[in-house]
Every structure is written in C-alpha cells, then in structure tokens.
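Working notes, structure below.
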Amino acid sequence: MTSILRALLGGTAIALLAGSANAETLRLLTWGSYAPDELVQKFEEEYPDIDVEVTFSNNEEMIAKLRATGGTGFDLAQPSHDRVYAAQTEYNIYKPLDLSKIDVDKMTPKLVEGVKANTTIDGEVYSVPHQWGTSGIMANIKEAPDAKGWGDLCDPKYKGRTSMRLRRTILLGMGYALGYDPFSLYDDKAAYQEMLDKVTAKLIDCKQIIKTYWTGGDDLSALMLSGEVILSETWDSTAFKIYAENPDIVFIPPETGALAWIDTFTLPRGGQADDAAYKWINFVLRPENVKIMSASTGSLAAVPNAVELLPDDKRAAVEAAFHDRDIENLKFFANIPPGLEDMEGIALERIKAASN
Amino acid sequence: MGRDAGRLSLFLLFTPFVLWIGLLIVLPQIGIGYVSLREKIGINEFSFGLKNYADFFNEPIYRNTLLRTAWISILVTALALVIGFPVAYYIAKIAKERSRAALFLMCLIPLWVSDLVRAYGWIVLLRETGVISTVLLRLGIISTPIEMLYNDVTVIIGLVYTVILFMIVPLVSTLQGMDDALLEAGYNLGGSRFTVFRRIIVPYAMPGIVAGCIITFMLTAGSYLTPVLLGGKNSSWFTEQIYNQFITRYNWEAGATFGVLLLLFTSLVVWAGLMLTGQSLATTVAKD
C-alpha cells in the first residue's frame, strides 16, 4: 500500500516540476480590445519563450481581483490613472516601476508627467500611460442635432431615446452640467456630498427620460446602431467605432469639457514576469504596433503622433469630434480620495432603486 | 490487512466529498461570516461588531430590494410549478415509453447553452427593433415598434425559462414512480378528474413539488445575469447589490453581510413555505 502511495507522490512531484520548467507566461489583466490577437501573436513570434495570457476586465474588477489575491495572479495590469493611488495606499496591490526599463522618452511627455503626478507614492512611480481617451456624449445628428452637453441626456424632447451607464462618470458629468466643478470638491467631503445629492435628484428625475442604462460597449453599440437610442453618454472610442458604421452618429465633447482618462501600465505586487511585462510595454509603444493597437481600441496611444497612427476611419471620427478648443477644455480625472467611491456608490444605488 | 484496506478505501471514498464540502462550502461561508462582522474604521483598520447588519436594516433601499427579490422569486417558483407540472405529468404518465426520452431531452437542450446566451436570446426577440416587434409591425398588428425589454415581466419570463427545468426533473422522477392503478382506483370509486388530481396525484407528487420549489426558489433568488440583462433601469436585484458592494464600492464588509442575509432570508422563506403547506423535509425530499 505505501509503495503505491509513494509512487503516486513521486509522479505528482515530477508533474509539478515539469510544469514549472515551461516557457515564461505573461498574464495580462486588461480591457477588452487592449490585447488584439494580431499583436499577441506578433509578440509571441518575437519572444518565443513568452506565452501571453489575457484576461479582460474593467477598473473596478481589476482592483477587486488583485485585492482578493493580494496582488498575485497577474503580471501586468492596466487600471486608469485615477484608480491607482487609492487602491495602492489602501490595499497595497501594486509594485513600483523600474522606469529605466521602459522607453519613457517615446511617450507623450505631458501624459507621462500627468500620470506620474497621479501615481507617485513615497517617491516611487507606479504607472506609465498607455492609451487615453474621453467620456462624453454621442448623438445621432440627424435626430438630435442640438445636443451639446451632459444635461441634454435628460431633455424631455428625447423621452425614451437616451441612455447612460450608471457609474461614477455620469455623476461627474451631471455635476458639471449643474454648474459644479466636481474635481475641485474632492477634498471637501461635505461639499461633494451636497453636489451628489443634487445630481442624485436630477438623475432620478431623468429616469423617465432615458430608455435604459447601458452596461458595456457592445450593448451601447446595439442601442445606437438600431436607432432605439439617439443620444447617449459614451466612451469616445465606442463612438468612433460606431461612426465607421454610421457617420451620422458622432462623438460630442460636452460644452463643459469631455472627461479624460488615461489607462496605464501598472505592475501587480505579486507579478512573476516583470521582464516580460516591460518587454510588452516597450513592444506596444513601437509605431507599427501602436497602429494595430489603436485600430483595436479606437483610443489614442500615449505617443506624440498618436492621431497619425490611427486607421483612416478612426482618424476621420476623431477629427469630426474634436476641435482644438475641445482639447484645451479636457477635464482629466483627478485622483479619487479613499471613501469617495463609497459616497458615490450610495448615490448610484439610490438612483437605481428609485422608481419613476 | 483486510480491515485496514477497508478503512482506507472508506477514507479515500470520503475524501473528495469532505474536501468539496469543507473547502468549497463550509470554509468560504465561515470566511464570509467573518468578513461581515468586521467594521471598517479607517484604512486597514477594523474592529468587530454588528454595524454592517445595522446599516442594512437602516437603509430602506437594501431592505426593499431583498423583499422585491424574494417576492419575484416566489412568483417565478409558482409560475414554474404551474407551467412545469402539466409538462412533467405528460412526460411521466401520458407520453409513450419511446417518446419519453426524446421529450425529456428536449427539456434538457436549453440547458446546454449558457445563461448568458439564453438571456441574449430573449434580448434579440424582445427588443424594440427585435424579432417579435418587427414581425408584428410587418403584419400590421401594431403601428409603432413596442419595447418589451427592461421591465419586470421580462425578468420573470426570463427567469421562469431559466429555472423551469429544475422543476420538471424532480416532478417527472416522482410521478414516474406512481402506479397507474392508484388513478384507476380513484376513478372507480367515483372521483372526478379534479378530485383524483387533488387527493391522489398532488399528494403523491409532493416530494417532487417540494424539491422542485426549493431548487427553483434558491436558483432564482441567487441568479444574477438574467435580472441584470433583461431588467433595465428600474429592476434592482439583491445579487446585483452584493456585486456592487464587492466590486464597485470595494466594500467587502457590506457585501459579505448581504451574502449572509440572503442565505438566511431564503432559508427562512423555504422554512416558512414548508410550515405553511404542512410539509417537512423528512416527509418529502428525504422520503424513500
């Protein structure tokens, strides 16, 4: 009996050893479309000893996943620039970057400085920029030619034909529409709560106008392309993709300023393939690869000539949407202080639960 | 040697079961219970107490969502029973031996695709520019497209469709064991169809009914995808609240509290259901 057991144990041990001798694996935790197959294949051809495994996620789930494992299970994550600071101070899920291993000089200096300012903790930099884009509204200009701001989503003349995502972006957008400057209120909890209360009331009122809350890019595309919805809150990248199929649907930076986010490269604390991660970062920064990446994401890369590296249809969409003054007017998401998301969470629940 | 081997094989046979129950059910529940008693004071500072539970009872949104979830789940269970019973009776008693397997298989087929795909199936059918609305428009029955998604009726239809199989299977297996002589005796003694149904079929099928109702109720109350995808702007569902607490608000303590409360509350509903109908687990589900 014992000899059988011993044989079994031996066999298991050998199997485990063999497993660890395999090629290095790079486990990416990123957004849908941020790791197009074409690019992954190209990377694996260039570095035959690295296997790339991709998990698609979003900001909230990235933090929740890494928090649950204490920062292990993935080798490279891509949270937005405003979501790194609080998550790191509270849950300690990331590790500092070695900037000497990244071709930082190939990135847009302004974006690098912006992200550094947001993600430096105790003198260590945790993130560098990758793709950036904005949130705003998109309209079918045939049916809603006058839409120009967040507030139009709640205009009674579009009753039953508008949509939004019930997350924090719309709270901030409506804050701007009501004349507040939400980012400057971040440090004053009482003032921020007062703004949230106003926004909550406005959005509860708005429920009878909107058709439904969208939950993801595909959902939103179906609503817009079918014509069921003519005006919606959106990510610009989703709007640019839709523009390629129906040029009547354009992205409109709200008059109060489109909200700008930068998705970053950040290393999880328990990552086991840092070198492979740095290789991936530098790989996707190369102009020929930026082109493939931007074709898939629809967003702009954090490199100086990003617009030129967009495919033609996307470039046309960007040029139709943004003018110089819109770029001047961009509002970059500020670091979210701990506790703020809990306040916003209550507001979102109130809105969802209100019947109207 | 013989006894040792016997003991070892018993041990080996039990190991997977014990590991399964212990690692995947008991331990996580203890963990959830532990987290739910943790109060957050500041960053990485915690104390113990019942504050999370107090928060739940003080916030009407959470209470109402839980009650709403329970109410819709009960409705779904009742509908599944009403629709599922005739189907199960047909498969078990009326259908011919040969077609029985085929019919049973037809009930099983929807289960081969994932919940997500089934929910999207309903979306494609019911949306404003969807199949049903377009067909009705073409036939001239309606003049403007109608939106059938994003309301409670859609959620209930979707849920009944998702869980009805779990009602049919236990009912079929109970009804198959029923001797036709019982029914004949009932009719011979002058019972009407209704009396036979009420006094013979239902009591005989009771173990299946109870088992089916418990399974469908628990599955419905714990479902996430169907209510979220079909529900739209006014449909709060309790599992969605749990998700929001854990993921959007990073509030694991409240999320865990909600998890414990959902388990307790659904268990309570099942217990109340058994009491009200005068059944007990021993005489129904665990009956030989």
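Quick look at the numbers
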| quantity | calculated |
| --- | --- |
| Residue identified as within 14 Å of another protein chain (Cβ to nearest Cβ), of a type outside the set (Ser, Thr, Tyr) and either surrounded by fewer than 20 Cβ atoms within 10 Å (Cβ to Cβ) or in contact (Cβ under 8 Å) with a residue 60 or more places away in the chain (or both) among A:Glu319, A:Glu341 | A:Glu341 |
| Helices (runs of 4 or more DSSP H) enclosed by segment B:1-117 - at least 3 residues per element that are out of contact with any helix residue (DSSP H, G or I) (no Cβ under 9 Å at 6 or more places or on another chain) | B:2-19, B:27-36, B:60-89, B:97-108 |
| Search result, residues across segment B:208-241 that are under 21 Å from A:Leu220 (Cβ atoms) and part of a helix (DSSP H, G or I) | B:Leu225, B:Thr226, B:Pro227, B:Val228, B:Leu229, B:Leu230, B:Gly231, B:Gly232, B:Lys233, B:Asn234, B:Glu240 |
| Qualifying position, being farther than 30 Å from A:Asp219 by Cβ and either surrounded by 12 or more Cβ atoms within 10 Å (Cβ to Cβ) or within 14 Å of chain A (Cβ to nearest Cβ) (or both), among B:Leu116, B:Leu103, B:Leu79, B:Leu125 | B:Leu103 |
| Subset of segment A:60-73 that is within 22 Å of A:Thr120 (Cβ to Cβ) and in contact with a helix residue (DSSP H, G or I) (Cβ under 7 Å, 6 or more places away or on another chain) - its residue that is surrounded by the fewest Cβ atoms within 10 Å (Cβ to Cβ) | A:Arg67 |
| Residue in segment A:174-181 that is touching a Pro at 6+ places or on another chain (Cβ under 6 Å), crowded, with 19+ Cβ neighbours inside 10 Å, farther than 30 Å from A:Pro268 by Cα and of a type outside the set (Asp, Glu) present | yes |
| All helices (runs of 4 or more DSSP H) inside segment B:149-203 with 3 or more residues being surrounded by 19 or more Cβ atoms within 10 Å (Cβ to Cβ) and touching a helix residue (DSSP H, G or I) at 6+ places or on another chain (Cβ under 6 Å) | B:152-176 |
| Residue list for segment A:148-167, restricted to those being basic (Lys, Arg) and under 15 Å from A:Leu220 (Cα atoms) | A:Arg161, A:Arg165, A:Arg167 |
| Among residues of segment A:186-206, those that are touching a Cys at 6+ places or on another chain (Cβ under 9 Å) and touching a residue at least 60 places away in the same chain (Cβ under 8 Å), counted | 2 |
| Residues that are farther than 25 Å from A:Ala353 by Cα, within 14 Å of chain A (Cβ to nearest Cβ) and not hydrophobic (A, V, I, L, M, F, W, C), drawn from segment B:41-71 | B:Gly42, B:Asn44, B:Glu45 |
| Output for segment B:230-243, where each listed residue is buried (at least 20 other Cβ atoms within 10 Å of the Cβ) and facing chain A (nearest Cβ under 8 Å) | B:Lys233, B:Ser236, B:Gln241 |
| Some residue of segment A:215-233 being modelled with pLDDT of 95 or more, in contact with a helix residue (DSSP H, G or I) (Cβ under 9 Å, 6 or more places away or on another chain), closer than 23 Å to B:Ile146 by Cα and away from chain B (no Cβ under 14 Å) | yes |
| Residue match in segment A:40-59 (condition: aliphatic (A, V, I, L, M), outside any strand (DSSP E or B) and crowded, with 20+ Cβ neighbours inside 10 Å) | no |
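Conditions tested, residue by residue: (1) at pLDDT 90 or above; (2) among the aliphatic types (A, V, I, L, M).
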| site | (1), (2) |
| --- | --- |
| B:Ile141 | no, yes |
| B:Pro145 | no, no |
| B:Val160 | yes, yes |
| B:Val163 | yes, yes |
| B:Leu183 | no, yes |
| B:Gly212 | yes, no |
| B:Gly222 | yes, no |
| B:Val228 | no, yes |
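The values are calculated or read from the model by the stated rules, or taken from the named source; none is laboratory data. Computed from a predicted model, the values in this text were never measured in an experiment. Neighbour counts are summed over all protein chains in view; Cβ atoms, including those assigned to glycine, are modelled from backbone coordinates with ideal geometry.
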